[in-house]
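The values are calculated or read from the model by the stated rules, or taken from the named source; none is laboratory data. All values derive from a computational prediction rather than experimental measurement. Don't worry about glycine lacking a Cβ; one is built from the backbone with ideal geometry, like all the others, and counts go over all protein chains shown. SASA here: full protein model, heavy atoms, side chains in, ligands and nucleic acids out. Shrake-Rupley method; radii C 1.70, N 1.55, O 1.52, S 1.80 Å.
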Amino acid sequence: MRTSTISRKTNETDIVISLALDGSGKHNIQTGVGFLDHLLTHIAVHGLFDLDVKAQGDLHIDTHHTIEDVALVLGQVFDQALGDRKGIARMGSFYVPMDEALAFVAIDLSGRPYSVVQAEWHTSTIGEFPTSIIPHFIESFAVTSRANIHARVLYGRDDHHQAEALFKALGRALDAATMMDARRS
């Protein structure tokens, strides 16, 4: 079973994430940040990962620590669930349209963390979720999952649609990259 559970407790956050790579998209996500829950749901559903996220953070200050720490722990559970990474497809990419927006994500689970995010946002927040933290979320996830991730919003007018397309593409690219390939074992 390619599964993992990781807990992280800091002065700002208390997070527990469980992941099953070979799941069906079942999810139970409660971070206290509605739009973060929405985006994580798309990773689970479109990646066909079973994902359980429980996070409590210092939301009375702002959402930054919660979003950042969830990204760090999410990357850690992916890294741990992948084990030695032998036999995985390793690379995956996906385009996702969302109404007027189009996003693309390419990922290489090479063990070498790096990220490039290209997106232009039209507003400073989506709900209580700062659009400026989206590149940082992907960067934090890339570092702890030990992945090379290139993410791009090609175009769009609505920030909600752009972010949603980006995270659906991330889920689909992760699904492709984490697949076992019998020819590679």
* Assuming a ≥ b ≥ c are the square roots of the Cα gyration tensor eigenvalues, decide whether the chain counts as rounded (a/c under 1.5), prolate (otherwise, with a/b larger than b/c) or oblate. => oblate
* **Å² of accessible area per residue within the range 1-139, as computed with a 1.4 Å probe and no ligands counted** => 47 Å²
* **Solvent-accessible surface (1.4 angstrom probe) belonging to His160, in square angstrom, nearest 10** => 70 Å²
* To do: Under 15 Å from the Cβ of Asp14, count the other residues' Cβ atoms, weight Lys and Arg +1, Asp and Glu -1, and hand me the total.
  => -2
* Structure fact -> Dividing the mean separation of Cα pairs under 8 Å (6+ apart) by the residue count of the chain yields a relative contact order in percent of 27 percent
* Structure fact -> For the chain, the accessible surface attributable to carbon and sulfur atoms (probe 1.4 angstrom, ligands and nucleic acids excluded) amounts in percent to 50 percent
* **Partner lysines for Lys26 [C-alpha distance under 24 Å; skip if fewer than 8 residues away on the same chain]** => Lys54, Lys168
* CD proxy at 222 nm, helix term only [per DSSP H run n ≥ 4: -39500 (n - 2.57); per residue of the chain; nearest 500] -> -11500 deg cm²/dmol
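May I ask you to order 43-55, 24-36 by the average number of other C-beta atoms within 10 Å around their residues, highest value first? Present the calculation step by step, with values, prior to reporting the outcome.
Values: 43-55: 21.4, 24-36: 17.1.
In decreasing order of mean packing, 43-55, 24-36 become 43-55, 24-36.
What does the charge add up to near Leu109, with Lys and Arg as +1, Asp and Glu as -1, over the other residues with Cβ less than 10 Å from its Cβ?
Every neighbour counted, the sum reads +2.
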* To do: Please list Leu72, Leu170 in order of solvent-accessible area, largest first, computed with a 1.4 Å probe with all protein chains present.
  => Leu72, Leu170
* **Neighbour net charge for Pro135 - beta-carbon separation under 14 angstrom, K R +1, D E -1** => -3
* Rounded, prolate or oblate: which fits the range 8-49 when a ≥ b ≥ c are the square roots of the eigenvalues of the alpha-carbon gyration tensor, with rounded for a/c under 1.5 and prolate only if a/b beats b/c? -> oblate
* To do: Return the whole-Å distance between the Cα centroid of the range 34-59 and the Cα centroid of the range 137-185.
  => 14 Å
